[in-house]
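One structure is given below, encoded as structure tokens.
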Amino acid sequence: MSRPKKTHSLEFRRSVVDHLLTSGKSAAQVAREFGISSENLRQWKLRYGPAASPVDTTAPKSPEQLVRENQELRRELARAIMQRDILKKTIAIVSEPSDRDIT
């Protein structure tokens, strides 16, 4: 008996390839981490890697899809800005000299 073929979304494939390219890990490590075969990862890298066509060359989207995507991107940007601000405040707090350090 053979297992049913598992299909992964385009976003998942691109994110795995991006992780491979930016993490410095080997293809085998990334494949194990995401539960895919090394062969799939190799094919995805060829298809979605830096030598492939840019991500933005997809078919035109409907106005409703563009509005949804714009809203999602705005939420994601707001979250990233909030995380950045939290990190800045944390660095400022950690960098402050403490009175306890002086004896």
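Within the stretch 67-96, no residue that is assigned to a helix (DSSP H, G or I) sits with its Cβ atom under 6 Å from a residue that is exposed (fewer than 10 other Cβ atoms within 10 Å of the Cβ) at 6+ positions apart or across chains. Only residues that are part of a loop (DSSP other than H, G, I, E, B) and among the hydrophobic types (A, V, I, L, M, F, W, C): list them for the stretch 16-41, please. Residue satisfying the conditions is Ile36 alone.
If you check Glu11 against the conditions, is it part of a helix (DSSP H, G or I), among the charged types (D, E, K, R) and at pLDDT below 90? It is true that Glu11 is part of a helix (DSSP H, G or I), among the charged types (D, E, K, R) and at pLDDT below 90.
The values are calculated or read from the model by the stated rules, or taken from the named source; none is laboratory data. Note that this is a predicted model, so its numbers are computed, not measured. Note: ideal-geometry Cβ built from the backbone for every residue, glycine included; neighbour counts use all protein chains shown.
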